[in-house]
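Just below is one structure, and these are the notes that go with it.
Bear in mind these aren't lab numbers, they're just calculated from the coordinates by the rules spelled out. In this text the structure is predicted, and so the values were computed from the model without any measurement. Note: ideal-geometry Cβ built from the backbone for every residue, glycine included; neighbour counts use all protein chains shown.
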Amino acid sequence: MYKNIALFCLFALLCACGPLPDRSQSGLFGEYPENYDNGKGFTLWMPKNMHARQGMYAFVVQKYINYCVSGDYNGGKFKSDEVYKELPDGERVYAYYYYYNQDESIGVDAPAFNLSPMYINVDYYTVMNFIVNKDGIITQCKYKRFQ
C-alpha cells in the first residue's frame with residue numbers, strides 16, 4: 001500500500017506543471033536569455049520565433065548532434081530562410097530547435113528485491129546554431145539540449 005502511495009505522490013509531483021510556454025518568447029520560451037552564455041565560453045543564440053523541427057525521435061536528434069560535434073556539417077552549403085542574425089563580419093547565425101520526448105527510467109532495477117524501474121516521459125528541446133560564412137558555407141555548428 002505504501003508503495004502505491006509513494007508512486008502516486010511521485011506521479012503527482014512529476015505531472016504538476018504550469019501553463020504551456022509562449023513559443024514566441026526569446027531564449028527558449030523565456031526560460032533563458034536570447035544570447036545564452038554558460039560562463040565557460042559557450043554561447044548560443046535563441047531568438048524570438050525560432051523555427052521548430054518537431055516530431056523527431058531522440059535517436060534522430062542524437063544523430064544530428066553527432067554530426068554537429070564531429071564537424072560533419074562544416075564545409076557544407078546551408079540554404080535556409082529560417083531565422084538568422086547577421087554578424088558584424090558578414091557571417092550569419094541560423095537558429096532552430098528540435099522538440100522530442102522519450103521515456104526515461106527512474107528508480108532501481110533490482111529483481112532480487114522485487115523492484116523494477118518506472119518510466120516517465122521527458123520533454124527535450126535541442127537548440128542548434130549554424131554559423132554560415134558570406135558564401136553560405138557552414139563554418140561552425142553548436143547545440144545545447146534542454147530538459
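In whole Hz, what ³J(HN,Hα) sequence does region 84-94 give by Karplus (6.51, -1.76, 1.60; θ = phi - 60°), x for Gly and Pro?
9, 10, 7, 8, x, 8, x, 6, 10, 10, 9
Aspartates and glutamates within cross-link reach of Lys134: Cα-Cα under 17 Å, excluding same-chain residues under 8 positions apart?
Answer for Lys134, where 17 Å is the Cα cut-off: Asp81, Glu82, Glu86, Asp89, Glu91, listed by chain and number.
Counting Lys +1, Arg +1, Asp -1, Glu -1, what net charge surrounds Tyr36 among other residues with beta carbon under 15 Å of its beta carbon? It would help to have the intermediate numbers written out before the result.
Values: positive: Lys40, Lys48, Lys85, Lys142, Lys144, Arg145; negative: Glu31, Glu34, Asp37.
Net local charge, Tyr36 excluded: +3.
Using a cut-off of 18 Å between alpha-carbon atoms, which aspartates and glutamates can reach Lys85, once sequence neighbours fewer than 8 places away in the same chain are excluded?
Glu34, Asp37, Asp135
Projected area of region 97-143, taken from the Cα convex hull and averaged over every viewing direction, in nm²?
That works out to 4.6 nm², a quarter of the Cα hull's surface.
For region 23-147, what is the per residue volume of the convex hull drawn over the alpha-carbon atoms, in cubic angstrom?
Here the figure is 141 Å³ per residue.
Among the listed pairs Lys40/Lys77; Lys79/Lys142; Lys48/Lys79, give every one whose C-alpha distance is greater than 23 Å.
Lys40/Lys77
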